Amino acid sequence: MRFVFKKSYDDDIKLFKHKPQAFYYLILLVLLIALPWLIDDFFLGEATNVLIFAIAGMGLMLLVGHTGQISLGHAAFMALGAYLNVIMMQKGVPFIISLPLAGVITGFVGAIIALPVLRLHGIYLAIATLAISVLTEDIIVIAERWTGGVVGLVAEPINIFGLDIDRYGTPIAFYFLVLIITLLILAAYRNILRAPLGRAFVALRDSEISAQALGVNIAKTKATSFALSCAVVGIAGGLMGHFAGAFNHESFNLILSIQLLLMIVIGGLGSIHGAFFGAMVVGLLPQFIAITRDSISGIFNLGSVPIPGIETASFAFILILIIMFEPMGIYGRWLKIRTYFELFPFYRKNMFKRQKSYLKTERMK
Amino acid sequence: MSLISLENVTLSFGGLIAVNNVSFHVGKGEVFSLVGPNGAGKSTVFNLISRFYDPKKGDIKFEENSILALRPDQVPSLGIARTFQNIELFEQSTVLQNLLVGRQRHRKSNLISEMFFAPSVREEERRHRHVVEEVIDFLELQAYRDKYIAGLPYGVRKVVELARALATEPKLLLLDEPASGLSLEETNDMIYWIEDIKNQMGITVIMVEHDMNLVSSVSDRVLALADGKELAIGTPEQVQSHPKVIEAYLGKSGEKA
Amino acid sequence: MGGAFLDFLQLLISGLANGCVYGLIALGFVLIYKATEAVNFAQGDFMMLGAFVSIWLTNSEYLGLSFWLAIPIAILIMGILGYLLDLFVIRKMFGQPQIAVVILTISLGFILRFAAGAIWGHEPKLLETPFAGKELHIGSVVLGFEEVAIIIVTLLLTLFLFLFFRKAKLGLAMQAASQNQLAAYYVGIPVKRIQSLIWGLAGVVAAVAGILFASKGAIDPSTGLLGIKAFAAAVIGGFGSLPGALIGGLIIGVVEPFASFYLPAGYSQVAPYAIMLLVLIFRPAGLFAQMQNKKV
């Protein structure tokens, strides 16, 4: 069992609870940096994909997991970031400016949309954001002059201070680019969570009324959360555009919006880890399915006929299992396992029992 | 000079008049109690002061200025804090985190400095935690500091509600049924705490309560309400023996029981 | 009667028929929402499944049963499916926040789509009905028989459900269970069983919608996604109101063809969602308001 004796307020505030925890994350960081030399280019591309999804996941997690606002429409903001980024690069803006700028503009758009939309709650908010995703697909086609309509856009080559970075040409450089951006966003996220703004977000999630009575400006705080969320997701979209090489209105459709939400639920709602775990599932699932199918057809001598939609169906199936048996997601299960070992042999099964909330309607009819 | 005053406040929900032409004022450093049967409009008065409702008629003044133009989230910055009758804590956070949210109205940092966790943010955090730790010491919540609300017993949650309100460093504290559901011992603790809040911290207290023992022990003055109307106002003894109050609680004497 | 007027009437009737299908799906949403305050995002896919089950039963390429035998069986199967779904899956969510059911049903939709595609393929199919191609002549107006049938069946079903919730004991029990579960438990209402019955009922309504839809237009596994338009219908009608759901569906159904007629291409698809967003922003409770603020 480990006891952490805190001797100053800083012990509470600092990022890592105790030295061993910092050490483990350091090892993880070293592993991430060394990754290009440990695996081949194809898997490095997969890892980059996972990181991009993790960035999008962090964006959505901030809004859904920490501020408690559901969104079924975030692919729309990925699209916005992707299109803005490429359009600006086409006009000659260097990547190192266009990407963050795309994020910032997407954030502003998010803030504007947030003001009317975040007055809604629960299912109405879900439906409104769903409509936003669907509408964005159509709007992209309508705005053909800028977006290339159904044909879409091709991502411009990236050049940072003379260094050419291309997903296929220089996969290692691209990987590091994405990794750096991931770490920066991660640091900002953690900082916000341990500062008053992060607490205000969580307060909104758990009890809007008492948050208000304690001085939290609901509209402004929700809009801030939405804006930050959209900005991060916009950056992820921009990176995704370069990763895919080319994209159109169907690249960021409603299904993707839903997948993002499912992803962070699988990972574990309410924790930053959840975004990463969820991204790993999304990124690695297609490979896993391919491998299992190969071994199964090897055993049963079936042809290797591709089954359409099996990835999404498996993803959905995993989610149903998670929701039914481990609502806290992968991170939740990891937490329980870790606590079991930390407290051994004093772990009690009911430590993480969630209080049941029975339905008490707020409708009047 | 009164700290807060209600003047001819009326509020109705559709056909039901919840608060009917109620006026009272509370002086600085007073402990003022609102009593009355259920449905008398006591919590509604609190919700009016917290600006969750708008009165149909009348005015509410804090430190001689009308507060009717304020939003609910602007009220804490005046120095008004409240607890809720049905506990409204943040269930998925620890006691410490709940109390830290109480410091929101003192927040001076902005988004950018928080994203980078600038030294000014760190300094502020230390100060916030210092204040919160003092509240924890005052209410003897040390044992529960890092525990999640979801696992705490009811009595402790009531104290955490109080602690969170105190963490805002208020001038006026609105306590909505602080003793409801508490045992005799816990109610006695509450009596001592309210006395300390008044005497040591100089905070003005308005309390909605049913427990007459608590009311008479700590209150300077009491206002009795029934059906939204004022029945009597005065010291606890005066109000308790007022014929109208007795009638509201027990019925007219001379009627068959 | 002028040709333009006849065109207008055609568009209107066809729009109303479509609207009835949207309305029926929206009805399914509202049924489950009224009873459990959860939304079944897979309701559109239930409809698709109902259509495919009836196709499987009656179409000559599969079992080829008589239409009048196949339809009740299909409806029964879907009702049982809905009941079982609640019994084995949704009930496990008891006591969890609503968002869990939302996410669960979204995933369920994915799985249903995949399963339907795996079983019946992805080619669009049409339901074989005894009245294919038949027409009604009223004066000089020619109406498709299916369209009229859709409208009439929908109206009857909605009326039945509306009265059921108002008058029948089971309906009142369902309302009680949705308003305060714990209290309903205490007075002896079998809350869990009622919930399963509601899901069964939603399955039945979805089956009817699917049968009506597939008799008039081709259906394929991804047709369930028009459930999203049914959302718009339910929202416009105000999520707690049964007649409202139907009216919302009719509005959308009618707006669609007129929008594609009068607006440039690409904008007509936008119309239902734009209307819905406007409703959500300016009158979030829909046309038949049901919500009020939480009292502290």
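Only the coordinates and a few stated rules stand behind these numbers; no lab work does. Predicted model, so just to flag it, every value in this text is computed and none were measured. For neighbour counting, all protein chains shown are included, and Cβ atoms are generated from backbone atoms with ideal geometry for every residue, glycine included.
Give, as a single signed number, the net charge of other residues whose beta carbon lies under 13 Å from the beta carbon of residue A:64, with Lys and Arg counted +1 and Asp and Glu -1.
That works out to +2.
Report, in debye and to the nearest 20, how large the dipole of the protein assembly as shown comes out about its Cα centre when Lys and Arg carry +1 and Asp and Glu carry -1 on their Cβ.
Roughly 1260 debye for the protein assembly as shown.
Taking 20 Å as the cut-off for C-alpha to C-alpha distance, list the pairs among C:92/C:192; B:57/B:244; A:6/A:349; C:125/C:216 that go past it.
Long pairs (Cα-Cα over 20 Å): B:57/B:244; A:6/A:349.
Post the alpha-carbon centroid distance, the stretch A:192-263 to the stretch A:102-127, in whole angstrom.
Between the Cα centres of the stretch A:192-263 and the stretch A:102-127 lies a distance of 9 Å.
If you take the Cα atoms of the protein assembly as shown, find Rg, then find the Kirkwood Rh from the mean of 1/r over all pairs, what is Rg/Rh?
1.00
List the GluC sites (Glu not before Pro) within the stretch B:36-133 that fall in a DSSP loop (any state other than H, G, I, E or B) and whose Cβ has at most 13 other Cβ atoms within 10 Å.
When the GluC sites (Glu not before Pro) of the stretch B:36-133 are filtered for loop state and at most 13 Cβ neighbours within 10 Å, B:64 remain.
How much length would be gained if the chain were fully extended between residue A:143 and residue A:339, taking 0.36 nm per residue of separation minus their Cα-Cα distance, in nm to one decimal?
65.3 nm
Placing unit charges on C-beta atoms (Lys and Arg positive, Asp and Glu negative, everything else neutral), compute the dipole magnitude of chain B about its Cα centre in debye, rounded to 20.
660 debye
Could you list which residues have their amide H under 5 Å from that of residue B:18, counting only those 5 or more apart in sequence or on another chain, with H placed in the peptide plane?
B:11, B:12, B:13
For a quick check of your reading of the filter: which chymotrypsin sites (Phe, Trp or Tyr not before Pro) in the stretch A:146-208 sit in a DSSP loop and have no more than 13 other Cβ atoms within 10 Å?
The qualifying sites are A:161, A:168.
With labels modelled as points extended 7 Å from the Cα through the Cβ direction, what inter-label distance (nm, one decimal) is found for residue C:155 paired with residue B:134?
7.4 nm
With the radius of gyration and the Kirkwood radius both derived from the Cα set of chain C, what is their ratio Rg to Rh?
Reported Rg/Rh (Cα atoms, Kirkwood Rh): 0.98.
Please work out the Cα center distance from the stretch C:241-283 to the stretch C:68-102, rounded to the nearest Å.
Using only Cα atoms, the two centres lie 29 Å from each other.
Apply 1/(1 + (r/R0)^6) to the Cβ-Cβ distance of residue B:247 and residue C:84, taking R0 = 35 Å, and write down the FRET efficiency to the nearest 0.05.
After rounding to 0.05, the efficiency reads 0.05.
Quick one: compute the contact order of chain A, relative version, from alpha carbon pairs under 8 angstrom and 6+ residues apart, as a percent.
Reported as a whole number, the value is 28 percent.
With the Cα gyration tensor of the stretch C:102-218 giving a ≥ b ≥ c as the square roots of its eigenvalues, does the rule (a/c under 1.5 for rounded; else a/b larger than b/c for prolate; else oblate) give rounded, prolate or oblate?
oblate
Nearest 10 degrees, 0 to 90: what angle lies between the long axis of helix C:169-179 and the longest principal axis of chain C (Cα atoms)?
That works out to roughly 70 degrees.
Pop the C-beta distance of residue C:282 and residue C:61 into the FRET formula with R0 = 41 Å and round what comes out to the nearest 0.05.
The pair residue C:282/residue C:61 has a calculated efficiency of 0.25.
Given C:18, B:85, C:47, which one lies farthest toward the positive end of the charge dipole of the protein assembly as shown, if we put +1 on the Cβ of every Lys and Arg and -1 on the Cβ of every Asp and Glu?
Of the listed residues, the answer is B:85.
Rounded, prolate or oblate, given the Cα gyration tensor of the stretch B:89-169, with a/c below 1.5 counting as rounded?
Prolate.
Residues with beta-carbon under 11 Å from that of residue B:177, excluding residue B:177: net charge, scoring Lys, Arg +1 and Asp, Glu -1?
So the surrounding residues net to -2.
Calculate how large, on average over all directions, the projected area of the Cα convex hull of chain A is; give the answer in nm² to one decimal.
About 23.3 nm², averaged over all directions.
Counting other Cβ atoms within 10 Å of each Cβ, which chymotrypsin sites (Phe, Trp or Tyr not before Pro) in the stretch C:110-206 have at most 14 and sit in a DSSP loop?
Here the chymotrypsin sites (Phe, Trp or Tyr not before Pro) that fit, given the DSSP loop and packing criteria, are C:131.
Charges on Cβ only, +1 for Lys and Arg, -1 for Asp and Glu, centred on the Cα centroid of the stretch A:193-307; of A:195, A:292, A:272, which one is farthest towards the dipole's positive end?
A:195
What is the Cα centroid distance between the stretch C:1-57 and the stretch A:268-291, reported in whole angstrom?
The stretch C:1-57 and the stretch A:268-291 have Cα centres spaced 36 Å from each other.
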